Amino acid sequence: MKQVETRILPQASPGTRRSLNILRYGTPGKRPKAYLQAGLHADEAPGYPVLHHLIKKIDTAEQQGNIFGEIVVVPAANPIGLSQWRDEMLQGRFDFVNSINFNRQHQDLTDRLIDEVGPELGADPQQNIKAIRQCGTGIINNFQPEDEAASLKTLLISLSHDADIVLDLHCDLQALMHIYLGTPLWPDAQDLSSQMGAEATLLAADSGGTPFDEANSRIWWVLAEHFPNVPIPPACLAATVELRGLSDTDPKMIRQDTDNLYYFLQRRGLIGGTPPQLPELINPATPLTGVDYVKAETPGIVVYLKQQGDWIKKDEIIAEIINPLPETEDQRVTMVRSRTEGLLFSRNVDRFARPGRIIAKVAGSEPLSESEGNLLTL
Ligand SMILES: [Zn+2]
């Protein structure tokens, strides 16, 4: 039976109340479990209509007795961000209270799990998965979040941390479909990238900042590394799915993305029926360390000379920046080049540059930095 639950967040200021809707399908505790959410960055539009249509399809499957396992859907994951209007723009990426990105600093359970779960682990990988999930539930239940945003983050991770599949729907600025995944999840998760038609799949074991997907998935390989004598599989396929760009709500695309998510859930044994043949993967996965976040070095107006989807050579010019008020003549036009060869998969949505601002992203296969840990944008 479909269950709809409304959870009220603690009051942040007098006279305000925000709530989260949680949709549950199938049998609680049954496997596999999938968790999907949209709008953690509340101003990223495409995820909402995709989940709207997906919910309708899952409703039908549910009525036909076709849900196996458990599916939890949060159609709008960030009611705080959804209220942050300023100057005719919804600004749902950073918390107005403290400027913290809503998709960073999610609760990282790993240290607590390392402290607590050791005695429960043994030779059976399935038992270990169970023990780690149970321990995680206990840790989360003891959290005492201090404000509204922390309460929201705790609530979200409490719904997702024990899932086999976690799909966090986002979008970039102007972009191709792309997906962020933990390196140890590849190539197992290749069916997600193939089915969604992702043109880039970016892998990192620790991208830094604890985004929501990694708060769910990274614990597994960190624990496996910490307890090398017992089998601990990467038991949570968590992905950040970037549904192209901010304005990509074309009905055809929305339908296609909805169908593809549904097929993925079918293929993973959550919904009955046979999905169509898996499409070919468009491009191989590349390391997140290989992404060139192409930055402007001068202020001015960006004129792109390359489109998203273009293949870029190393040192190739992507854009020129025109400074209408230069201090010297050579500052009037500045060329911006890529540091790597790869796919231009994202561009900024407005055309104003200042030194240090990212204006494009190029997915290269060669790492540009030796270490992980600080690989995400602000
Ligand atoms: Zn986002």
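Points to keep in mind about this one:
- Calculation over all alpha carbon pairs of region 287-364 in 5 angstrom steps from 0 returns a P(r) of 3, 18, 29, 23, 15, 7, 3, 1 percent.
- By the beta-carbon count within 10 Å of each Cβ, the least crowded to most crowded order of W220, W85, W186, fewest first, is W85, W186, W220.
- Our note on the geometry: Cα centres of region 199-235 and region 237-299, 20 Å apart.
- The count of lysine pairs in the chain whose Cα atoms are under 23 Å apart, excluding pairs fewer than 8 places apart on the same chain, comes to 22.
- As a rough footprinting exposure proxy, the listed residues E120, E372, E5, E327 were ranked by other beta carbons within 10 Å of their own, and the order from fewest upward is E327, E5, E120, E372.
- Distance histogram for region 1-160 (every C-alpha pair counted, 5 angstrom bins, percent rounded to whole numbers): 2, 8, 15, 18, 18, 15, 13, 8, 3, 1, 0, 0
- Rounded to the nearest 20, the size of the Cβ-charge dipole of region 3-284 about its Cα centre is 740 debye, with Lys and Arg at +1 and Asp and Glu at -1.
- MRE, 222 nm, helices only [DSSP H, n ≥ 4, -39500 (n - 2.57), over the chain, to nearest 500]: -8000 deg cm²/dmol
- In region 3-284, a dipole from Cβ-located charges (positive for Lys and Arg, negative for Asp and Glu) runs towards its positive end, and of F68, I157, L167 it is F68 whose Cα lies farthest in that direction.
- Computed over the chain, the P(r) tail beyond 38 angstrom holds 19 percent of alpha carbon pairs.
- Between V302, T286, S207, the Cα set farthest toward the positive side of the dipole of region 206-307 (charges on each charged residue's Cβ, about the Cα centre) is that of T286.
- Averaging 1/r over every pair of different alpha carbons in region 130-207 and inverting the result gives a Kirkwood radius of 14.8 Å.
- In terms of surrounding Cβ atoms within a 10 Å radius of their Cβ, M1, M196 rank from fewest to most as M1, M196.
- For the chain, built as a Gaussian network whose Cα springs stay under 10 Å, the top-fluctuating residue of L223, L176, L51: L223
- Alpha carbon centroid spacing (whole Å) that separates region 314-378 from region 104-176: 35
- Placing +1 on the Cβ of every Lys and Arg and -1 on the Cβ of every Asp and Glu, with no other charges, gives region 132-187 a dipole of roughly 180 debye about its Cα centre.
Bear in mind these aren't lab numbers, they're just calculated from the coordinates by the rules spelled out. Predicted, not measured: the structure shown is a model, and the values here were computed from it. With ideal geometry, Cβ positions are generated from the backbone for all residues, glycine too; neighbour counts draw on all protein chains shown.
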